[in-house]
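Structure record follows, encoded as structure tokens.
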Amino acid sequence: MDTSSVLVIYTGGTIGMKQNAKTKTLVPFDFSEIEKEVPELKKFKYKLDIHSFKNPIDSSNIDPSFWSNIATVIKNNYDLYNGFVILHGTDTMSYSASALSFMLENLNKPVIFTGSQLPIDSVRNDGKENILSAIEIAASQQNGKPKVPEVCIFFENKLFRGNRTTKHSAENFNAFRSYNYPALAESGVEIKYNSPAIAKPKSNKVLKIHTKMDTSVIGLKIFPGINCDFVDKILNIKGLKGIVIETFGSGNAPASKKFLSKFKAAIDNGLIALNISQCQVGSVEMERYETGILLKKTGVVCGKDITFEAAITKLSFLLANNKAVTVIKEKLQKSLRGEIS
Ligand code: ASP
């Protein structure tokens, strides 16, 4: 008997939905019936338990309070299981995996998000493989230690660091990409782990969960011809504390005095602005072009190769857990959970 144990946490999403015979829409089914849909689960020799949220959701409805509930379930069960699998809708899975990576401090067990593009009761579906492989990964140990002590996403045949991912396809089974960090494992006949890429726990400290996120943040995608007066209105929204700006290429933005002065004024007034690239591959380097340097001079912080999903959740997390703007800016430029290179 394998002594490993895994808690499967069901939050909602297509993986746990069936077609309603009358309305023909996808609705969540009672997840305690999962073994009927995936009888292979019985073949696992691990201890396997299911925690199902009372009201499963389409992940488009997820919010920080739901993330906080997931973190609390993990905390309450942390000593009882070797690993956790979170079944979640794909639409916002990268946001949730990023958020959880920040909320779970000193994590040294696997937390594997997975889901599916097709419901698990469809004849042809991706959910079964995803759930079975995610459970195997969450249970995997080497010398009594978990192989992947990180928040990850497993999808189709790849395991990624969660806070490096983006949902890339609304139609393919390989729905996720991690453009700036290699896969942590690949499943084929065997599951092959990319050990050098997997984070090692930095300490034996106990798991600490942070359940607060500050949602006084917004994202702004720059485009040629962007209206400076509109930008000004956004930067001056009452209560706004942080903004993620998606700039061109390696972190460049229009060099017009009008545009830049709006940013400088808002930043001097305490707004935190994080510069990330609209390109998915590569990193922001604000000293490469004059257009980047000018933006840097306004006080915009360099986000390096962070994804939008990780940037917005990291900013919310830092704003909720730190008071000093200087400390937040410093932490934005450091890797807290492997989210930047
Ligand atoms: N709308 C669904 C969700 O994110 C899509 C999915 O599960 O793939 O909950």
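The values are calculated or read from the model by the stated rules, or taken from the named source; none is laboratory data. Only a predicted model underlies this, so the values are computations on that prediction, with no experimental measurement involved. We place every Cβ from the backbone using ideal geometry, glycine too, and count neighbours over all the protein chains shown.
Brief remarks on what is shown
- Ser133 being small (Gly, Ala, Ser) and in a helix (DSSP H, G or I): yes
- Lone qualifier among Lys192, Lys205 - being exposed (fewer than 15 other Cβ atoms within 10 Å of the Cβ), basic (Lys, Arg) and either touching a residue at least 24 places away in the same chain (Cβ under 8 Å) or within 16 Å of the ligand (Cβ to nearest atom) (or both): Lys205
- Entry remark, region 168-227: residues being among the aromatic types (Phe, Trp, Tyr) and under 17 Å from Leu336 (Cβ atoms) number 1 in total.
- Only one of the numbered conditions (1) under 20 Å from Lys314 (Cβ atoms); (2) in a strand (DSSP E or B); (3) charged (D, E, K, R) is violated by Lys192, and that is (1).
- Checked across region 167-184, the condition of being surrounded by 18 or more Cβ atoms within 10 Å (Cβ to Cβ), away from the ligand (no atom under 16 Å from the Cβ) and hydroxyl-bearing (Ser, Thr, Tyr) holds for at least one residue.
- Single match in Gly251, Gly299, Gly270, Gly303 (criterion: touching a helix residue (DSSP H, G or I) at 6+ places or on another chain (Cβ under 7 Å) and exposed (fewer than 14 other Cβ atoms within 10 Å of the Cβ)): Gly270
- Pairs with Cβ under 6 Å, 6+ apart, first in region 102-127 and touching a residue at least 12 places away in the same chain (Cβ under 8 Å), second in a helix (DSSP H, G or I) and among the aromatic types (Phe, Trp, Tyr): Phe102/Phe317
- Which listed residue, of Ser94, Ser65, Ser52, is at pLDDT 95 or above and within 30 Å of Glu171 (Cβ to Cβ): Ser94
- Among the residues of region 16-30, just one is surrounded by 16 or more Cβ atoms within 10 Å (Cβ to Cβ) and without any contact (Cβ under 8 Å) to a residue 40 or more places away in the chain, namely Pro28.
- The listed residue being under 18 Å from Ala139 (Cβ atoms), touching a residue at least 12 places away in the same chain (Cβ under 8 Å), in contact with a His (Cβ under 8 Å, 6 or more places away or on another chain) and not basic (Lys, Arg), out of Val8, Val38: Val8
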